[in-house]
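The values are calculated or read from the model by the stated rules, or taken from the named source; none is laboratory data. What you see is a predicted model, and the numbers here were worked out from it, not measured in a lab. Neighbour counts are summed over all protein chains in view; Cβ atoms, including those assigned to glycine, are modelled from backbone coordinates with ideal geometry. The protein model used for the area step is the full one, side chains on, heavy atoms only, and it has no ligands, DNA or RNA in it. Shrake-Rupley method; radii C 1.70, N 1.55, O 1.52, S 1.80 Å.
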Amino acid sequence: MTGTPPYHLLLIDDDELFLKTYTAAAKRDARIALETAPSAAAALGKLRGGLAPQLILLDIEMPAMNGFQLLEKMRAEKLAESALVVILSNKGNADYRARAREFSVSQYILKASMTPSEVFDEAVYALEQAAQPHNTLLQ
C-alpha cells in the first residue's frame, strides 16, 4: 500500500442512491479515488479484471450474492489480498459482526451512524495505520 493519496477504494452496494451519494462525496475529497460496484458479481468482475483497491467498503445484504459470499470468493481466488475490508451495512447484529471477524475485516460501520465524509475519514485513518511500521519493544 502506498501512503500517498489518493487512496483507491472500492464501494460495493446494491443501493443506487447510496452509490451516488458516496461518489459525490468522494469527488469533493482529494484523498479518495472511488470505484463503485452495484453488486457482488460486478465487483468480482472488476477485481478479476485487475482492479486492486487499497480498501473495500462492503455492504452485506445484496441480492444474488451477499457480502460474505463475495469475501469467500475473493479469498478463494486470491483477489485484492492486500486490501483492507470495511463492512458498511445497515445490519449490526452480533451474528453479522461475528461473521465479519471471521474474515478479519478492519472495521464494521453501521451506515446510519456516519456520513460519507466520516466514513472516508475512517478509511484514510485505517490505511494510514496499516502503512505504519509496527513498533516493537526490545527486551
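If I filter segment 24-35 for residues that are within 12 Å of the chain's Cα centre (by Cα), surrounded by fewer than 20 Cβ atoms within 10 Å (Cβ to Cβ) and in contact (Cβ under 8 Å) with a residue 40 or more places away in the chain, do I get at least one hit?
Scanning segment 24-35, I find no residue that is within 12 Å of the chain's Cα centre (by Cα), surrounded by fewer than 20 Cβ atoms within 10 Å (Cβ to Cβ) and in contact (Cβ under 8 Å) with a residue 40 or more places away in the chain, so the answer is no.
Looking at segment 77-91, is at least one residue more than 19 Å from S117 (Cα to Cα), in contact (Cβ under 8 Å) with a residue 24 or more places away in the chain and loosely packed, with under 13 Cβ neighbours inside 10 Å?
yes
Does segment 97-126 hold any residues that are among the aromatic types (F, W, Y) and either free of Cβ contacts under 8 Å to residues at least 24 places away in the same chain or open to solvent by 50 Å² or more (accessible area, probe 1.4 Å) (or both), and which are they?
Y108, Y125
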